[in-house]
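Working notes, structure below.
The values are calculated or read from the model by the stated rules, or taken from the named source; none is laboratory data. Since we're looking at a predicted model, the values are computed, not measured. Every residue, glycine as well, gets a Cβ built from its backbone with ideal geometry; the counts of neighbours run over all protein chains shown. Just the protein is used for accessible areas: all its heavy atoms, side chains included, with ligands, DNA and RNA removed. Shrake-Rupley method; radii C 1.70, N 1.55, O 1.52, S 1.80 Å.
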Amino acid sequence: MRTVALVCGMAVLVVGTSVLAYGNQPAARPLDPAGYALLLAAVASLAWLPSRPDRALAGSVAAAVAYFASGYAYALWPAPALVATSAAISSGRRAVGWAGAGVLVAVPVGAVSLAPRLDGIVGVVLWTSLVLVVTLSAEVSRTRRAYVALIEERAAAAERDRAEEALRLAQEERLKVARELHDVTSHTVSVIALHAAVAAEAVDRAGGPPEAAEALLVIRRASREALAEMKAVLGVLRPGGTRPQPGSAELPELLATATVPVAFETTGARRPLPPAVDLTVYRVVQEALTNTMRHAAASRVTVALDYAADAVEVRIDDDGRGGDAPWGHGLTGMAERVGAAGGEFSVGERPGGGFRVAARLPAERMGP
């Protein structure tokens, strides 16, 4: 659209000034169809400016030279050639632009040299000055654009370097955490699992209470599960780790490790959940169940998983005294995890007694 406006405006300018100039220069050649054709050819060449400024320059300069050589009246008909020269240099085609500027100056200089006149010499000097102003202005514009592009490129490179450095530091920190988990925590949990197994066998051989043996077996299973999850975490922390994270499909195995009876209810059309949501559901149930076993003194727990059209809701209800427990790191971690997944988290006492942990997570329907 801008090119069309430029061509139309330039056509009005060069034709109008050329018509008016003939009235003040009676010795000049009258503006005939050939003159109009040359003016329009120079203007039409500007249509190439956006894509091929070299062609626009060649066409407009050739038309301007032919118009000058034909002896028509002096006016603003060289304007298209000056515009094309400026555009060529500004876009980086310096050789073509300066060559066009040289032709625009050389032709009138040659004409004045063949027939020297004072007014002709003055006109050539003024014309040469104008061409230099246009070309030097274009060079300034080109240099500024190149400088801005260089600054932007350096800024982008610096941003990439900062991002790579941040990624490297994060990977180093993850490796450090992975080493600590592997060297310290996993060793401790392994010792717990081993001694729980030994103690369970000792209780069984000594004919001790079955509740003690069952509790030790639960400790052993929970320790092994913790080791498995820790290995999964280590797989994520280490570069290239692809160990799958637990999800809702593993909830029955998790609930089997509880020391209190747990009822598991599922409503709605069960379907695969987004990985982050699936992991959050598992972690919420895991943490809530751990809190119930540690603090609530509950005799039963109900875990409900409700699949809605665009969300999944998980509720953990118990009949204990969880409402008296302080808001600790476990509940804070659950709230942060649910919030990070874009969900809503709530805890509180149930109307009929006991405690409820609930989370509603966005989960648009996936698949059929």
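Quick notes on this structure:
- Whichever residue in the stretch 83-117 is part of a loop (DSSP other than H, G, I, E, B) and of a type in the set (Lys, Arg) and, among such residues, is most open to solvent (accessible area, probe 1.4 Å): Arg117
- Within the stretch 34-63, tally of residues that are more than 11 Å from Gly100 (Cα to Cα), assigned to a helix (DSSP H, G or I) and of a type in the set (A, V, I, L, M, F, W, C): 13
- Any chance Ala34 is small (Gly, Ala, Ser), at pLDDT 85 or above and over 27 Å from Leu136 (Cβ atoms): yes
- The stretch 192-226, residues that are acidic (Asp, Glu) and out of contact with any Ser or Thr (no Cβ under 8 Å at 6 or more places or on another chain): Glu201, Asp204, Glu211, Glu214
- Of all residues in the stretch 51-82, those satisfying the criterion of being over 50 Å from the mean Cα position of the chain (by Cα) and either open to solvent by 20 Å² or more (accessible area, probe 1.4 Å) or among the acidic types (Asp, Glu) (or both) are Val65, Ala66, Phe68, Ala69, Ser70, Gly71, Tyr74, Ala75.
- Sole exception among (1) in contact (Cβ under 8 Å) with a residue 40 or more places away in the chain; (2) open to solvent by less than 70 Å² (accessible area, probe 1.4 Å) for Tyr282, by number: (1)
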